[in-house]
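One structure is given here, and the rest of the page talks about it.
Nothing in this text is a laboratory measurement; each read-out follows from the coordinates by a stated rule. The structure displayed is predicted, hence computed values, not measured ones. In this analysis, Cβ positions are derived from the backbone assuming ideal geometry, glycine residues included, and neighbour counts consider all displayed protein chains.
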Amino acid sequence: MELTVLGQDSGAAASSCASGSCGSSNDQMGHLPEEIRNKVKNHPCYSEEAHHYFARMHVAVAPACNIQCHYCNRKYDCANESRPGVVSEVLTPDQAVKKTKAVAAAIPQMSVLGIAGPGDPLANPQRTFETFRMLSEQAPDIKLCVSTNGLALPDCVDELAKHNIDHVTITINCVDPDVGARIYPWIYWNNKRVFGRKAAKILIEQQQKGLEMLVARGILVKVNSVMIPGVNDEHLKEVSRIVKEKGAFLHNVMPLISEAEHGTFYGIMGQRGPEPEELQDLQDACAGDMNMMRHCRQCRADAVGLLGEDRGEEFTLDKIDAMDVDYEAAMQVRAAVHEGILEELAEKEAKRARLAAVTVPQSEDQLAPTLRPAMIAVATSGGGLINQHFGHATEFLIYEASPRGVRFIGHRKVDQYCIGGDTCGEKDSALAGSIRSLKGCEAVLCSKIGYEPWSLLESAGIVPNGEHAMEPIEEAVMAVYREMASAGKLVDAAPLAASLSA
Amino acid sequence: MALTIVDSCVNCWACYDVCPSEAIYQSSPHFKINARKCTECDGDFADPQCASICPIEEAILDSSGMPINPIGSLTGIPPEKMAEAMREIQAR
């Protein structure tokens, strides 16, 4: 089924390219108009650069859902699992406001409060909007955003606009009901449970209508899609094209998470998730001149902190009750911290512009354009620096370096699946998990690394490197790429050990 | 004539919001239905609303004690496939 594309010319967002921010920068915001860049420059979920500096939190006030997705199991609340739809405790709007203010006082980098479940926020309109209403009064400096499956979206657009929500994420996995019928078993619609293709058709129509309505209001829309190999992987290219034409400003293709332990339809039925290479290929294919998001961490519906970290356990209800918070003072500290970060980002941007303006590099610095690209992993705990010990990394950021520069292509979680709990199955050592997660990478940069992982990495064909500790990530990655070039490593194809499964 | 919520309920609030009779209340360890208020949606809707949105199979019983959404009816997972997966996980 081909959907009619409305507002073809309203999606001109990506047509022009501000000089100095294109090509030399790996900031995915480079192609966006100034107005949108300003809106997202402190939003960790929308700006790759911002996610190194700004923190976010989700409050779990929305437990009810109006659809079933085959990748979701509504029974799951394991404290050790980290993925969407999972929480430790559901909050009332009052509790959520209290928690938000306490977190924003303890973590002054916090810029964004999102409601993302564990059900669908717009299937819980009272709890969701009550939370937004109180927060916009009591913490007006915090940006509010919401993530939805889209079924109830058209009915909620007015209310969203009223609460000054300028970012909405819609999960759109398909625009074809036949594909949808393999993803969504049922929806609750007009007081009935509707199954199969008919359900998917209604959901798709509501999602597209909601997207158009939000764009018409000038509310920024990001589209999330779950890549399900054999179900919607090829189809997502069409989804990407359509949502972009309708004015979504960012598309985030995420890998299916599916383990039998999760008890989801896909987990039980053995539907596999994509390999990192498959995900990356699809993201590249969807890219065109669309902004693709590659730094999503698929966080829990009660996540707290920088993307990739979760400090939720520091802020349970009983711990918050014991805190003594001066909200006014906290807001002032936040303002100063945010200003400092934005100044730092502006300096980096200015530096990039200066570098891009340098047109005659010294000949010995010039990399032969025929050199092949290489994937390099980085361990960081934020701030855009290489500042994490290899053994402490719960994830690695993956960069692709080539003669054209450095680009961020994604992150790999270290497979620490469900530590603790004896029902969760056999576990590999964390070290084996780290090395497995670096498949395809030729080097890993970290602040320090122990002897044992060093030799294991080397034998897996991945060069450990602690020489760039505390350096900015992109510069260090480029420096290592240049070293590889000088050593003649980039003339032939990537070594087998790195390109095949390690 | 009333429906019942049993202990497989996950407390997701979905039924609470859609009940036309305000018969559902929060309780511990799970939501419950006030049998005096429940009409099974007779006269309001063709299907009982709580059982039309509940995501958990077998969590809501009809007045004869039978699950309105039997195993496999909502997730689409065949019961034997679920049993097989559970055996496999537990054997690890």
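Look at the alpha carbon pairs under 8 Å that are at least 6 residues apart: their mean separation over the length of the range A:8-321 gives a relative contact order of 23 percent.
Between the helical axis of B:79-90 and the longest alpha-carbon principal axis of chain B there is an angle of about 60 degrees. Each peptide in A:202-214, B:80-92 gets a packing score, the mean of other Cβ atoms within 10 Å over its residues, and the list from highest to lowest is A:202-214, B:80-92.
When the GluC sites (Glu not before Pro) in the range B:1-69 are filtered for DSSP coil states and for at most 11 other beta-carbon atoms within 10 Å of their beta-carbon, the remaining sites are B:GLU22. Counting 0.36 nm for each residue step from B:VAL6 to B:PHE45 and taking away their Cα separation leaves a gain of 11.8 nm. Is the range A:294-391 best put as rounded, prolate or oblate by its Cα gyration tensor, with a ≥ b ≥ c the root eigenvalues, rounded for a/c under 1.5, and otherwise prolate when a/b is larger than b/c, oblate when not? The shape class here is oblate.
Computed 3J(HN,Hα) for the range A:449-463, one whole-Hz value per residue from the Karplus formula 6.51 cos²θ - 1.76 cosθ + 1.60 where θ = phi - 60°, is 8, x, 5, 5, x, 4, 6, 5, 4, 4, 6, 8, x, 10, 8, glycine and proline marked x. Each of the peptides A:142-148, A:461-467 was scored by the mean count of other Cβ atoms within 10 Å over its residues; in descending order, highest first, they stand as A:142-148, A:461-467. Partner shielding of B:44-52 amounts to 2, given as the average count of beta-carbon atoms from other chains within 10 Å of each residue beta-carbon. With each label modelled as a point 7 angstrom along the Cα→C-beta vector, the A:GLU34-A:GLU278 pair spans 4.4 nm.
For the pair A:MET470 and A:ASP321 in one chain, pulling the backbone fully straight at 0.36 nm per residue adds 49.9 nm over the alpha carbon distance. Listed cross-link partners A:LYS41/A:LYS246; A:LYS41/A:LYS319; A:LYS209/A:LYS244 are compared with a 25 Å cut-off, the Cα-Cα value being larger for A:LYS41/A:LYS319.
Suppose R0 equals 51 Å; then what is the FRET efficiency for A:ASP492 and A:GLU309 from their Cβ-Cβ distance, rounded to the nearest 0.05? If you can, show how the numbers build up before the last one.
Working: r = 38 Å, r/R0 = 0.75.
After rounding, the FRET efficiency stands at 0.85.
Per residue of A:190-203, other chain Cβ atoms within 10 Å of the residue Cβ number 2 on average. Here the Karplus relation 6.51 cos²θ - 1.76 cosθ + 1.60, evaluated at θ = phi - 60°, turns the backbone of the range A:59-68 into coupling constants of 10, 8, 9, 10, x, 6, 9, 10, 9, 10 Hz, with x for every Gly and Pro.
Classify the range A:8-321 as rounded, prolate or oblate from the Cα gyration tensor: take a ≥ b ≥ c as the square roots of its eigenvalues, call it rounded if a/c is under 1.5, otherwise prolate when a/b beats b/c and oblate if not. Note, shape of the range A:8-321 comes out rounded. Derived scalar couplings between HN and Hα for the range A:331-347 equal 5, 5, 4, 4, 4, 5, 5, 4, 4, x, 5, 5, 4, 4, 5, 5, 4 Hz in order, rounded to whole Hz, by the Karplus curve 6.51 cos²θ - 1.76 cosθ + 1.60 (θ = phi - 60°), x for Gly and Pro. Residues A:ILE36, A:ILE257, A:ILE228, arranged from fewest to most other Cβ atoms within 10 angstrom of their Cβ, appear as A:ILE36, A:ILE257, A:ILE228.
At R0 = 41 Å, how high is the FRET efficiency between A:ASN191 and A:ALA336 if r is their beta carbon distance? Nearest 0.05 is fine. Write out the running numbers ahead of the final one.
Values: r = 51 Å, r/R0 = 1.25.
Here the calculated transfer efficiency is 0.20.
Let me know the shape class of the protein assembly as shown, please: from the alpha-carbon gyration tensor, a ≥ b ≥ c as square roots of the eigenvalues, rounded when a/c is under 1.5, otherwise prolate if a/b is greater than b/c, or oblate. It is prolate, given that a/c is not under 1.5 and a/b is the larger ratio.
Neighbouring Cβ atoms from other chains, within 10 Å of the Cβ of residues in A:61-73, number 3 on average. Scanning residues 5 or more positions from A:VAL90 or on other chains, none has an amide H under 5 Å from its amide H, with H placed 1.01 Å from N in the peptide plane. Compared with the alpha-carbon gap, the fully stretched path from A:ALA432 to A:ALA346 is longer by 27.0 nm at 0.36 nm per residue.
Report summary: the helix-based calculation at 222 nm, which adds -39500 (n - 2.57) for every DSSP H run with n ≥ 4 and divides by the residues of the protein assembly as shown, gives -9500 deg cm²/dmol.
Provide the net charge surrounding A:TYR184, with neighbours chosen by a C-beta distance below 11 Å and charges set as Lys +1, Arg +1, Asp -1, Glu -1. Don't skip to the answer; put the middle values down first.
Numbers: positive: A:ARG182, A:ARG197, A:LYS198, A:LYS201; negative: none.
Spelling it out: positives minus negatives among the neighbours equals +4.
Under 5 Å between amide hydrogens, which residues at least 5 positions from A:MET110 or on another chain qualify, with H placed 1.01 Å from N in the peptide plane? Sorted by chain and number, the residues that satisfy this are A:ALA55. Peptides A:444-455, A:368-379 ordered by packing proxy, namely the average of other Cβ atoms within 10 Å per residue, highest first: A:368-379, A:444-455.
Placing dummy labels 7 Å off each Cα toward the beta-carbon, the span from A:SER402 to A:LYS198 is 4.9 nm.
Distant-in-sequence amide contacts of A:MET254, defined by a placed amide H-H separation under 5 Å and a gap of 5 or more residues or a different chain, comprise A:SER225, A:VAL226, A:MET227.
Approximating the spin labels as points 7 Å out from Cα along Cα→Cβ, the B:GLU22-to-B:ARG92 distance works out to 4.7 nm.
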